[in-house]
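First the structure, in the form of structure tokens, and then the observations on it.
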Amino acid sequence: MLADKRYLLYWKEDNLTSCLIDSIELTRVLHNSQISVNPQALIISEEITYQGADFLSAPKVDFKFSSWHGTRETHYYAEAKNLSEFDWQKPDGALVRASEQRGRYIDTGIENFLTERYPQGCLVGYIVNGQVASIVSGINRLLVLRGAGPRIGAIDNTPNAVMATHYQSTNQLAHGKMKLDHLLLQLA
């Protein structure tokens, strides 16, 4: 996906997710590891299954990766968000506010994992404008301005031989610490 750039930077995150899934599937990495990926997967809780909660209220996450190990199926979830360093305008005239994207990354990305609305997983940031380091710095500044620490930890670069844009935050929950991975993909 990053090499062939068969996407446009003004696309909605769901369109970028579709493009990323297609690129992942073309590499056959998931197939070779016997992992399937499902976009826009519903997360069905016990409240829905056994207590009659509204099925349509189930959270929807951008990626659900599933694999089988013997008789046990495991799942890993990823939520994607578009991120920008600067405000910019789409071809249709719509204004994209970088600060709103950073706020959304926290409010409907990080928070959904910390509140366990989304089970085990990571966040994927689509960098559609600007540079990763500046965007991470902006998210961390917003966390400080909101007084979110130590509950939500700063996002730090984690050296990783496989993926240079792997970041992580250590977050404090009532029942202990939770590490959250942030994979930031430079699309611009």
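Side notes on the structure shown:
- Meets criteria (within 23 Å of LYS60 (Cα to Cα) and out of contact with any Phe, Trp or Tyr (no Cβ under 8 Å at 6 or more places or on another chain)) for ILE152: yes
- Residue that is least open to solvent (accessible area, probe 1.4 Å), among those in the stretch 174-188 that are over 20 Å from ARG102 (Cβ atoms) and modelled with pLDDT under 90: ALA174
- Boolean, ALA98 is aliphatic (A, V, I, L, M), open to solvent by 30 Å² or more (accessible area, probe 1.4 Å) and over 13 Å from the mean Cα position of the chain (by Cα): no
- Restricting the stretch 58-70 to residues that are surrounded by 12 or more Cβ atoms within 10 Å (Cβ to Cβ) and more than 17 Å from the chain's Cα centre (by Cα), the residue that is farthest from ASN112 (Cα to Cα): SER67
- Filtered residues of the stretch 43-57 (kept if of a type outside the set (Asp, Glu) and either open to solvent by 70 Å² or more (accessible area, probe 1.4 Å) or at pLDDT below 90 (or both)): ILE44, SER45, ILE48, THR49, TYR50, GLN51, GLY52, ALA53, PHE55, LEU56, SER57
- If the condition is being among the polar types (S, T, N, Q) and either open to solvent by less than 10 Å² (accessible area, probe 1.4 Å) or out of contact with any Leu (no Cβ under 8 Å at 6 or more places or on another chain) (or both), then the stretch 121-155 contributes GLN131, SER134, SER137, ASN140.
- TYR118 being open to solvent by 10 Å² or more (accessible area, probe 1.4 Å), in contact with an Asp or Glu (Cβ under 7 Å, 6 or more places away or on another chain) and touching a residue at least 12 places away in the same chain (Cβ under 8 Å): yes
- Residue match in the stretch 28-39 (condition: surrounded by 10 or more Cβ atoms within 10 Å (Cβ to Cβ), in contact (Cβ under 8 Å) with a residue 12 or more places away in the chain and part of a helix (DSSP H, G or I)): yes
The values are calculated or read from the model by the stated rules, or taken from the named source; none is laboratory data. Computed from a prediction, not measured in an experiment: that's the story for all the values here. Because the Cβ atoms are built from the backbone with ideal geometry, glycine has one as well, and the counts that use them run over all protein chains shown. When the accessible area is computed, the model is the full protein with side chains, heavy atoms only, and any ligands, DNA or RNA have been set aside. Shrake-Rupley method; radii C 1.70, N 1.55, O 1.52, S 1.80 Å.
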